[in-house]
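What follows is a set of notes on a single structure, which appears directly below.
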Amino acid sequence: MATSPNLQTISPGATLAACDAIRQTEKKLQIESTQAHFHPLETIAFFRKWPRSFVRNFIYTLLFNALFATGFTLIAVFGLLTSGRQVLLSDVPVAFADYLLISNVIGFAFWGVIGAIERIEPFMRWVTQRGLFMTMLFYAFMGTFIVTGSFVVVSLIPGYSGIGKWLFTIPQLVSSFIISLIVSTVLGLFWQRRTNELAAQLTLLAERERAESAQRAAVQANLRALQAQIEPHFLFNTLANVTSLIHTRPDDAKRMLEEFIAYLRTSLATTRENETTLAQEFMLMQRFLAVLQVRMGSRLQVRVELPVDLQSFVLPPMLIQPLVENAIKHGVEPKIDGGEIRLKAAKVGDAVAIEVADTGMGFQHSTSNGIGLKNVRERLDKLYEGKATLAIEDNVPSGTKITIRIAA
């Protein structure tokens, strides 16, 4: 069964309100998700290529720690140079190794502690709702304890025991707070940049959805207008024919009226809906042609071919009738001997082909396309956006064949 186009008639205001509500919810959820599981490197588009996972965040943390080690090494070298002390190139890798060790201990401690705290969602939500400055301040004080604890761990490593004498002193606590404040500020600014970027993207997406919703509403209004042009045409012609037959051929007039009533019963069940099926549409056309057969008699023959597996194929209503009307008016009716109308549906590759063929005069003898073909083309273009086509060709041995192809 094919997927039908979106043909539901929805109030434009309701559609836009619903879209706004959905987008606002998505915006809130995505920003909260980013806030809760954000890694600083994700501010760079390259590092957003891979989905979040333990392994990915572990590698990212190593890289981030290396950046901090590099920064502290450069600061140390700059401090030595400005103080007039000599800096040997051989000392730089040693200093970097020391800072890399300390940065990894502190960085992974931060990662572990923050990951544990983030699981307390109500508390973290309360913290982040206080604003960026208060959030960074919270992380700075928390980081002071993490950094101090990390120095305790580093002091237990052989060769770094001298750090123990520095622990819990005013310089150590101040430097730990400064380091934590720097880290928190960097992380906070990175996080703020990413959430602002995400919010801007979601706002743009909401505006795009708003424009598309308005466009869909305009398309629906246009389609209703096109359908309104088609529906009265057959009604007026049939009533005129019944009137002309009442006095000269009353039995035919009665039969035409009966067939017309049967057509209306079938039509009213489908034409006011937003979609129908091939089985319903072909039945409607059989009723339609039965009315015409009363007037044309043996000059009009009808053949219908609809495979069982295509009976439930969904399509917009009143799509085939203009083609049948065109085949009658410009093909079969002008021909002295009349002809045959064939309705056929078949699966062709990944599309469904709906064929309306006649053995009448042929398309080249027609003086006008009428509004039928124009309306069908417009509806196909608006409803299927390039996924449906209409082709006109000569029928063999005579007449015209019009084929609609709709992607299944």
**Q.** Count of residues meeting criterion [of a type in the set (A, V, I, L, M), more than 39 Å from the chain's Cα centre (by Cα) and at pLDDT 90 or above] in region 337-377
**A.** 1
(Q) Within region 136-173, take every residue that is aromatic (Phe, Trp, Tyr) and over 28 Å from residue 196 (Cβ atoms) and give me the one that is nearest to the chain's Cα centre (by Cα). (A) 145
Q: Give the residue that is most open to solvent (accessible area, probe 1.4 Å), with candidates limited to residues of region 117-130 that are free of Cβ contacts under 8 Å to residues at least 40 places away in the same chain and among the hydrophobic types (A, V, I, L, M, F, W, C).
A: 126
Q.
Looking at residue 86 and the list (1) within 47 Å of the chain's Cα centre (by Cα); (2) open to solvent by 50 Å² or more (accessible area, probe 1.4 Å), which single condition is not satisfied?
A. (1)
Q.
Criterion first (within 22 Å of residue 193 (Cβ to Cβ), of a type outside the set (A, V, I, L, M) and exposed (fewer than 14 other Cβ atoms within 10 Å of the Cβ)) does residue 133 satisfy it?
A. yes
Q: Mind telling me which of the residues 214, 200, 262 ends up being within 29 Å of residue 376 (Cβ to Cβ), among the aliphatic types (A, V, I, L, M) and at pLDDT 75 or above?
A: 262
(Q) Just to be sure I understand, how many residues within region 51-62 are at pLDDT 85 or above and surrounded by 11 or more Cβ atoms within 10 Å (Cβ to Cβ)? (A) 7
Q.
Testing residue 247 on (1) modelled with pLDDT of 65 or more; (2) assigned to a helix (DSSP H, G or I), one condition comes back false. Which one is that?
A. (2)
Q. How many residues does region 147-158 contain that are within 11 Å of residue 110 (Cα to Cα) and either of a type in the set (D, E, K, R) or buried (at least 20 other Cβ atoms within 10 Å of the Cβ) (or both)?
A. 2
Q | Residues of region 80-111 satisfying the condition of being of a type in the set (Phe, Trp, Tyr) and in contact (Cβ under 8 Å) with a residue 40 or more places away in the chain | A | 108, 110, 111
Q: Mind counting the residues in region 95-116 that are open to solvent by 50 Å² or more (accessible area, probe 1.4 Å) and at pLDDT below 85?
A: 3
(Q) Filter region 77-127 down to the residues that are of a type in the set (Gly, Ala, Ser), over 16 Å from residue 180 (Cβ atoms) and touching a Ser or Thr at 6+ places or on another chain (Cβ under 7 Å) and list them by number. (A) 95
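The values are calculated or read from the model by the stated rules, or taken from the named source; none is laboratory data. Just so it is clear, the model here is predicted, and its values are computed rather than measured. No Cβ is skipped: glycine too gets one built from the backbone with ideal geometry, and neighbour counts run over all protein chains shown. Just so you know, the surface numbers come from the protein's heavy atoms only, side chains and all, with ligands and any DNA or RNA stripped out. Shrake-Rupley method; radii C 1.70, N 1.55, O 1.52, S 1.80 Å.
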